[in-house]
Amino acid sequence: MAAKRAERLVNLVIALLGTRQYVSAAKIRATVPGYEPDDGTDRADEAFKRMFERDKAELREIGVPLETGRTSVFDTEDGYRIARADYELPDITLTGEEAAALGLALRLWQSAQLAGAAQSALVKLRAAGVDVDPGRVLPIQPRLDAGEPAFEACYAAARDRRVLTFDYRRPDEQRPARRRVQPWGVVAWHGRWYLVGHDLDRAAPRVFRLSRVVGAPKASGPAGAFAPPADLDLASVVARSEQREEQVVVVRARPGTAIGLRRHATVLGRSDDGDDRLELRTTSPWALADELAAYGADVLVESPPRMRDAVVERLTRLAGLAEGA
């Protein structure tokens, strides 16, 4: 499906979810971005009708409960709305790991350009006199991910295949170094965002953690200037680059909790406050940090400090998402 059509369908769904009234085709044409504007010609009218018929068929085919009807006896033509009760999912219970994954997906959606156009449809519907219930509007805001300010520039450069220049500071470096990269893509891996690409100065593939980018990355040159490898797997590239030697991690767990964690842990004894002290060994510290964060207050990291900081960071992120929901 073309990007413009997908964007138009999302705009249409959000607009129809935000009202209890049936919305006429004319109002949809005037308020939902992406449809052929009304310039008074038969050609434009036919183009809109064909496009709208295809969109209705597409929504129904993928299971969107699109209803046809009239709000009052005074309406002269049918309108459309989405039965929200049939469209919404039932209550969902998530594990800690599932909640963390959903949080990452939410952050990517909030960074997308699509959010602004979708919200504008709701504003135009209000202006057209359609009753939009504010409590039913989807909570989508066109804002960047505040935790990774470099995300938008890196994502856009990878999408457009333009060379990207930025300053990058590694943990063992006091000053950032200038990097020139052909960006292949941006990927989330174990709770962090990474840029994968070809480093032009080092003439080799490299992985960059977005949190270590200093300042605003700058794209240059024409679009389509390079092509990523045909068999590229971004997550696999990041996983290989993040491999470490085996690390020893000591945690305290409340008695009777963290059963899954105990299956691959060595019990060291009891702490002064009655918790179980567990020793864990890992070559994937960020994966272990995700697992520890999923246990919440039942598990406390004693050592090393980097693992404790990583777990605290993940819990802080989840708490921020909960407060913003």
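The values are calculated or read from the model by the stated rules, or taken from the named source; none is laboratory data. In this text, all values refer to a predicted model and were calculated from it rather than measured experimentally. Every residue, glycine as well, gets a Cβ built from its backbone with ideal geometry; the counts of neighbours run over all protein chains shown. Just so you know, the surface numbers come from the protein's heavy atoms only, side chains and all, with ligands and any DNA or RNA stripped out. Shrake-Rupley method; radii C 1.70, N 1.55, O 1.52, S 1.80 Å.
Some points to look at:
- Residues that are part of a loop (DSSP other than H, G, I, E, B) and under 24 Å from residue 71 (Cβ atoms), drawn from region 1-33: 18, 20, 21, 22, 32, 33
- Residue tally, condition open to solvent by 20 Å² or more (accessible area, probe 1.4 Å), in a strand (DSSP E or B), free of Cβ contacts under 8 Å to residues at least 60 places away in the same chain and within 18 Å of residue 156 (Cβ to Cβ), over region 173-229: 8
- Residues satisfying the stated conditions in region 23-68, i.e. closer than 16 Å to residue 10 by Cβ, among the acidic types (Asp, Glu) and surrounded by fewer than 14 Cβ atoms within 10 Å (Cβ to Cβ): 61
- Residue match in region 305-313 (condition: farther than 25 Å from residue 194 by Cβ and open to solvent by 80 Å² or more (accessible area, probe 1.4 Å)): no
- All strands (runs of 3 or more DSSP E) inside region 243-325 with 2 or more residues being among the charged types (D, E, K, R) and farther than 21 Å from residue 190 by Cβ: 276-282
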